[in-house]
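Enquirer: Got a structure here, written out as structure tokens. Questions coming.
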Amino acid sequence: MQPKYLVLFDIDGTLLHSGGCGRAATRLAVHDVFGTTGALDQVDFAGMTDWGILHAALEPTGIARHTIESQLPHYMDVVAEHLAAIIDDFPVRPCAGAPEVVTSLRDNPSALLGLVTGNMASLVPIKLQAAEYDTADFKIGAYGSEGWQRPMLPPLALERARTYSGVDLLAEHTVIIGDTPGDITCAASIGARTIAVATGPFSMEQLSAYQPDHVFETLANEQAVLAAILKNGHLE
């Protein structure tokens, strides 16, 4: 059976709780690569891409965007090295219900799983493996090293999913699942449906204000979540 649904997960606060390891690795890497952490301590990471975080932290110090962009490949390597070195010191764990939802979708031939995450691509396998996910379950992705704004990522993911599957997957059958307003609003870049989950820093009430198609406290009610993802309400 060819896939009909493209399901794109955010990582931090949606698939897993990182325990602050990402911010810690970012702080170390930014200082190593740029010689300053700038305004990093004042930056709210929620819903941002790692590239956008660098802009927010470093532009106030006078470091230009083109300089940041030129250093991205080196920065990706450095931040991954730092994360791999420190992640075992942080309480990384999966979010409630997320592993079960991923497993059910992985075993459903009508669904293709992917990622739309603000994380640099180099960080994704490190975080997923620390939370005991199988990175092979997520066939495609778009990452925070590929755009400084989150709406830049869903079009990349959808095009990659079409290439990977050989199917002209429809935007209306694409679902973005995330825990921040940015996850909800970025879906407009392709007209995808949205599922918000309050396992991150935002409450159900706060997320509902951004008008996602569905909002859940956690992903623990597996059947309700699957019914929301699969438009006809049942596994095919």
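No lab work stands behind these numbers, since they all come straight from the coordinates. Computed from a predicted structure; not experimentally measured. Ideal geometry is used to build each Cβ from the backbone, glycine not excepted, and the neighbour counts take in all protein chains shown.
Enquirer: Looking at the P(r) of region 21-89, how many percent of alpha-carbon pairs lie beyond 14 Å?
Expert: On the way: 1266 of 2346 pairs.
Tail of the P(r) past 14 Å holds 54 percent of the pairs.
Enquirer: Continuing with this model, one more query. Could you pull out every one of the lysines with an alpha carbon less than 17 Å from that of residue 139, ignoring same-chain neighbours closer than 8 positions?
Expert: 4, 127
Enquirer: Among 90, 230, 20, whose Cα sits farthest toward the positive end of the charge dipole of the chain (+1 at Cβ of Lys/Arg, -1 at Cβ of Asp/Glu, about the Cα centre)?
Expert: Value computed over the given set: 230.
Enquirer: Let me ask something else. Cα axis of helix 65-86 to longest principal axis of the chain: angle in degrees, 0 to 90, nearest 10?
Expert: Roughly 80 degrees between the two axes.
Enquirer: Can you give me the pair-distance distribution of the chain, C-alpha pairs, 10 Å bins, whole percents?
Expert: Result, from short to long distances: 8, 34, 36, 17, 4, 0 percent.
Enquirer: May I ask what percent, to the nearest 5, of DSSP beta bridges between residues of the chain are antiparallel? Mind dumping the intermediate values first?
Expert: Details: 2 of 22 bridges.
Just about 10 percent of them are antiparallel.
Enquirer: Treating only the Cβ of Lys, Arg, Asp and Glu as charged (+1, +1, -1, -1), what charge dipole size does the chain show about its Cα centre? Round to the nearest 20 debye.
Expert: Details: 13 positive and 28 negative charges, 82 e Å.
That gives a dipole near 400 debye.
Enquirer: Evaluate the relative contact order of the chain (contact order divided by residue number), counting alpha-carbon pairs under 8 angstrom at least 6 apart; express in whole percent. Display every interim value, and only then the final one.
Expert: Details: 478 pairs, mean separation 61.9, N = 236.
Reported as a whole number, the value is 26 percent.
Enquirer: Quick one: helix 153-165 against the long Cα principal axis of the chain, what's the angle to the nearest 10°, folded into 0 to 90?
Expert: It is inclined by approximately 50 degrees.
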